[in-house]
Amino acid sequence: MAVQGTMHAPCNTGRVTRRAVKVSAVAATPTPARTPASTGSVKRAMTMTEKILANHSDNASVKPGDNIWARVDKLMTHDVCGPGTFGIFQKEFGPNAQVWDNERVVIIPDHYIFTSDARANRNVDILREMASKYNIKYFYDIMDRSNFRANPDYKGVCHVALAQEGHCKPGEVLFGTDSHTCNAGAFGQFATGVGNTDAGFILGTGKLLIKVPPTMRFIMDGEMPEYLLAKDLILQIIGEISVAGATYKAMEFAGSAIEGMNMDERMTICNMVVEAGGKNGVIAPDKTTFDYVQARTQEPFEAVYTDGAANFVADYKWDVSKLEPLVAAPHSPDNRKTARECSDVKIDRVYIGSCTGGKTEDFVSAAKLFYRAKRQVKVPTYLVPATQKVWADVYTLPVPGCDGKTAAEIFEEAGCVTPAAPSCAACLGGPRDTFARMNEPEVCVSTTNRNFPGRMGHKEGQIYLASPYTAAASALKGYVCDPREYM
């Protein structure tokens, strides 16, 4: 049963009434080419999330609600939470204690980097001290903030950097001191955010006590229209189940539309499960996954897959060919509207960036629309590549179907602001001198993940979450715009 022709309320900041459509009988996800990993003597059919947690707790099987001690493969922290995490570790384990494994801790400064704020700068200094004290192998430092390219170790946004540096692998357990750590579920691993206290405990033990979440399944079938991107699909899902609809649940994504996505688009899907309250998101690994991972690390991994008879607490299914470009209107990620319903909303700016919408694929998508339209933007359009690698791609990779031009060349011709240094930048506001921060009560169309009051700066600002296509079209129109007007 597919969700078709969902009715939406007129575009205002009120919530839209939703009708959740569940599917009682859905075909099992096709068996992948790789042989599923064994979890020992299987006592019950398990989902992918359950299998990973069983493997990491030495259990033949686990079920939702079980409390388990999970072994951790990687712990990530950044400049906002890293100092507090190490502070708790030192307080609870003692000044002479060592971290459980200095090659499994990944420290990535990315949030408040390009600012003159002394306290923000001090956070990075503390991370440098901690990395030296505990001989942390993977510390992606930045010393010269005046020129990010002078810092070969600096990467940028942690969730994209984790993937690009080979830290995301199928079947593993990753915790991070950031709610969007769920991004890594795109690789078929269990990945979720934790607080500083839990992270401090992991630093000392390499384990964490967690409750096994039940799993919801979302099957996205059909051929993706040329005007839709992964961001439209996850906004559709969040709008359907609400920001609390997946509270402490795993969200598993399957179907032909998901299988046809590259890793950047899969990360967009998993990145925003926390906006629905999800504990983690996960996508079955396949050749696309393996090719990406094996190009970046030689470390071994063991992929696992959901059993055909596994139990799901809810099943949803959509035919993506029936969906439209969407936005999440202020002030909640579940305030779902179609872009065309909001065509009367005049905007002041557009922002393309973040772990959700600042990857190479996101900029290539925006560039394609700008190239096809051959027009100038009508509002300031800010571009923030997630990492140094993405920044380089923007300037060097020819955009398919655009006469050999790079995204940077297309953006310049369209009148966009020159791409900024890689970081989280204005996605979460930050110090007042943060690039593209909303210091005035403006209306912004953004490829980011949250649109709560004050999220990007000014508390009276209004943020419309959208795909790179919709963001680019809106920049050209000066109003929230359905990208089909330029495609």
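The values are calculated or read from the model by the stated rules, or taken from the named source; none is laboratory data. Because the structure is a prediction, the values reported are computed rather than measured. Because the Cβ atoms are built from the backbone with ideal geometry, glycine has one as well, and the counts that use them run over all protein chains shown. Calculation scope for accessible area: heavy atoms of the full protein, side chains included, ligands and nucleic acids excluded. Shrake-Rupley method; radii C 1.70, N 1.55, O 1.52, S 1.80 Å.
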**Q.** Residues that are touching a Gly at 6+ places or on another chain (Cβ under 7 Å) and either buried (at least 24 other Cβ atoms within 10 Å of the Cβ) or among the small types (G, A, S) (or both), drawn from the stretch 233-246
**A.** A244, G245, A246
Q: Any residue in the stretch 402-424 that's assigned to a helix (DSSP H, G or I): show its pairings with residues that are of a type in the set (A, V, I, L, M, F, W, C) and surrounded by fewer than 18 Cβ atoms within 10 Å (Cβ to Cβ) at Cβ separation under 6 Å, as long as the two are six or more apart or on different chains.
A: none
Q: Check the stretch 133-140 and report whether any residue there is in a helix (DSSP H, G or I) and either open to solvent by 10 Å² or more (accessible area, probe 1.4 Å) or closer than 21 Å to C424 by Cβ (or both).
A: yes
Q) Taking the stretch 356-375 on its own, how many of its residues are open to solvent by less than 10 Å² (accessible area, probe 1.4 Å) and part of a helix (DSSP H, G or I)? A) 9
**Q.** the stretch 338-383, residues that are under 13 Å from V417 (Cβ atoms) and of a type in the set (V, I, T)
**A.** V350, I352, V377, V379, T381
Q: Pick out, from the stretch 186-232, the strands (runs of 3 or more DSSP E) lying fully within it that include 1 or more residues that are within 30 Å of R484 (Cβ to Cβ) and either open to solvent by 10 Å² or more (accessible area, probe 1.4 Å) or not polar (S, T, N, Q) (or both).
A: 215-221
Q.
When the residues of the stretch 423-467 are narrowed to those that are open to solvent by 10 Å² or more (accessible area, probe 1.4 Å) and β-branched (V, I, T), which ends up farthest from S354 (Cα to Cα)?
A. V443
Q | Considering residues of the stretch 98-121 that are in contact (Cβ under 8 Å) with a residue 24 or more places away in the chain and more than 27 Å from the chain's Cα centre (by Cα) only, the residue nearest to V72 (Cα to Cα) | A | W100
**Q.** Only one of G171, G176, G260 that is over 16 Å from the mean Cα position of the chain (by Cα), more than 17 Å from K51 (Cβ to Cβ), at pLDDT 95 or above and not aromatic (F, W, Y)
**A.** G260
Q) Out of the stretch 102-128, which residues are in contact with a Phe, Trp or Tyr (Cβ under 9 Å, 6 or more places away or on another chain) and not in a loop (DSSP other than H, G, I, E, B)? A) V105, V106, I107, R119, A120, N121, N123, V124, I126, L127, R128
Q: Evaluate the following for A54: is it surrounded by fewer than 18 Cβ atoms within 10 Å (Cβ to Cβ) and either touching a Ser or Thr at 6+ places or on another chain (Cβ under 8 Å) or of a type in the set (A, V, I, L, M) (or both)?
A: no
Q. So which of S132, S57, S146, S61 is in contact with a helix residue (DSSP H, G or I) (Cβ under 6 Å, 6 or more places away or on another chain) and without any contact (Cβ under 8 Å) to a residue 40 or more places away in the chain?
A. S61
Q: Would you please name the residue that is least open to solvent (accessible area, probe 1.4 Å), looking only at residues in the stretch 169-185 that are of a type in the set (S, T, Y) and part of a helix (DSSP H, G or I)?
A: T181
Q. Does the stretch 377-399 hold any residues that are farther than 18 Å from D110 by Cβ, in contact with a Lys or Arg (Cβ under 8 Å, 6 or more places away or on another chain), open to solvent by 10 Å² or more (accessible area, probe 1.4 Å) and free of Cβ contacts under 8 Å to residues at least 60 places away in the same chain, and which are they?
A. P380, P398
Q: Considering every residue within the stretch 317-324, establish whether at least one is within 17 Å of the chain's Cα centre (by Cα) and hydrophobic (A, V, I, L, M, F, W, C).
A: no
Q. Could we say that V124 is closer than 23 Å to V384 by Cα, of a type in the set (A, V, I, L, M, F, W, C) and open to solvent by less than 30 Å² (accessible area, probe 1.4 Å) here?
A. yes
Q) In this structure, is V445 part of a strand (DSSP E or B) and at pLDDT 95 or above? A) yes
Q: Scan the stretch 370-386 residue by residue and report those that are closer than 17 Å to S467 by Cβ and of a type in the set (S, T, N, Q).
A: T381
Q: For I88, state whether it is closer than 28 Å to P300 by Cα, touching a residue at least 60 places away in the same chain (Cβ under 8 Å) and surrounded by fewer than 22 Cβ atoms within 10 Å (Cβ to Cβ).
A: no
Q. Filtering the stretch 261-305 down to residues that are aliphatic (A, V, I, L, M) and open to solvent by 20 Å² or more (accessible area, probe 1.4 Å), which residue is nearest to D334 (Cα to Cα)?
A. V274
